[in-house]
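For reference, the structure discussed in these notes is given below.
The values are calculated or read from the model by the stated rules, or taken from the named source; none is laboratory data. Values in this document were obtained by computation on a predicted structure and should not be read as measured data. In case anyone asks, the SASA skips ligands and DNA or RNA and just uses the protein heavy atoms, side chains included. Shrake-Rupley method; radii C 1.70, N 1.55, O 1.52, S 1.80 Å.
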Amino acid sequence: CPPRCLCPAAAPSPTLLCARTGLLAVPPSLDRGAVELRLADNFIGAVGRADFANMSSLVHLTLSRNGLRRLAPGAFADLRALRALHLDGNRLPALSGPQLRGLASLRHLILANNQLAAIDAAAFAAFAATVEDLDLSHNNLPALPWDAVAAMGSLATLTLDHNLLERVPAGAVARLPRLARLDLTANRLRALPPVPGPPGPALAAGGNPLHCNCELLWLRRVAQPGRLETCATPAPLAGRLLGAVPEEELTCRAPAVTAAAAHPPAVTEGQPLRLGCAAVGDPPPALHWLGPDGRVVQNGSRRSVGADGSLELRVATLRDHGGFTCVAANAAGEAAARVEVVVVPLPVPRGRDGGDGDAETGPGPSDMAQAGGNDTWGVPGERRVVAAEVTGSSARIRWLPQRHVPGVRMVQIQYNSSADDALVYRLLPPSSRTFVLRDLAPGRLYELCVSALRVAGDPPAAPRPLGCVSFATAAAPSGCAAPPRPHFLGGTVIIVIGAAIAASVLVFILILTARWKAAGARRPPPALTSVCSQTNG
């Protein structure tokens, strides 16, 4: 029994009682076969990797009210049988994934009254299937890894009161089939998603600045006498208990789009563009965009939707020419506003005689058209960039000479396919007029733009668009394998030649061996030149 500790001999299993003994660290002389260990109300500021090593029989561990600030990664890795861990009343600032590693049998985790401000999504991974009681109350948590919590299939009690939570994702509670009690008291929640039921878990949500509208009708209908959920907004309902508000006063307001515009309203192809949208409603509506083709705009390499609902087009193409629709939606309905976007094709540089500015050094539009490639995103006669000699895996890109653009330091090609949002970049010398793209995927639509970089008078690295093109690679033949690559053919030829040489050498050796044996069979026996005889006597 360690000094200052009590080890009751009458206990049915090895128990160490070291609470209120003034310990500054975990005693090194612990009985490694103990089943229960109580170290509460001491001054243990850190737990190291070896403090609980080889204590594989420990079932109950209490480290409450120690001022604990640091847990070493893997500090509880050997506690495979531990079922209850009490870490409440300490000063832990955060939880990372390795700190609670190895607790495969944990059922009760008490982390109340700490200073937790962040929890890693992997912190609960070791015991997600076994934990039944999780207490995170009286901390400083502005958010929670709800996906990790939703994976706790055995969770029965979730205590989150007195934190800084501002949001509970829709469906997070519904994914906990055994949840019996949920405490969200005294947070910063303005809305609550419906919880499953009836019967559903017992819910406590008082002390939150709830915005009472039609989204809280479900909570009003399950409210019981004595519930303390209070409305903070709107003003006519402020300070009233939710259970005392008639259902007809819990209303929502359909959204209305107040502003929608493009900045700037017209751009040249290849330039960036931003579309802004603002809407009001109760509850605040969610915003999304529909493109000119009527499809929902998704985040990608060329388009991105901001948190405020704005849409940014990093590289405008002629396919963006037309009307984008901003859609605002909430529980009361939808509203839409159309924003017209004008994308101007790049002009064709002309010389004084009406021809190309540098027709003698590069192919003209007629040459490109005869190459068999696809047209630029524009009307015929205004092609700046052309994809020629398009096959299933390659394409030759050609563009007009750019002597009318001064100070070009390099030419940039950027492209991506219809099945991949990642942009691929190529940097070329300023004198380049053509480039062959290789290793393309067959049967895909590619979008490509050519830009001039480091143009005199522009900000550093600001691209000057030279043109864009869309082309499709040939589809792979059905039922036939793709033709072998050149390096595969070269390796095959080398192997065939080597095999032929080896076979020739082997045949030559066999011929020599056969001739030698034949010559030996025809050779006459040697003549006797001297005969000696020996007899007895």
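Tabulated data for the structure shown
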read-out: In Å², nearest 10: area of ARG338 left accessible to a 1.4 Å probe; value: 150 Å²
read-out: Directionally averaged shadow of region 1-140, computed from the convex hull of its alpha-carbon atoms, nm²; value: 7.4 nm²
read-out: Using θ = phi - 60° and Karplus 6.51 cos²θ - 1.76 cosθ + 1.60, couplings along region 116-124 (whole Hz; Gly, Pro as x); value: 5, 10, 7, 10, 5, 4, 8, 5, 9
read-out: Solvent exposure of region 109-162 as accessible area per residue, Å², 1.4 Å probe; value: 32 Å²
read-out: Carbon + sulfur, % of accessible area of region 131-259 - ligands and nucleic acids excluded, 1.4 Å; value: 55 percent
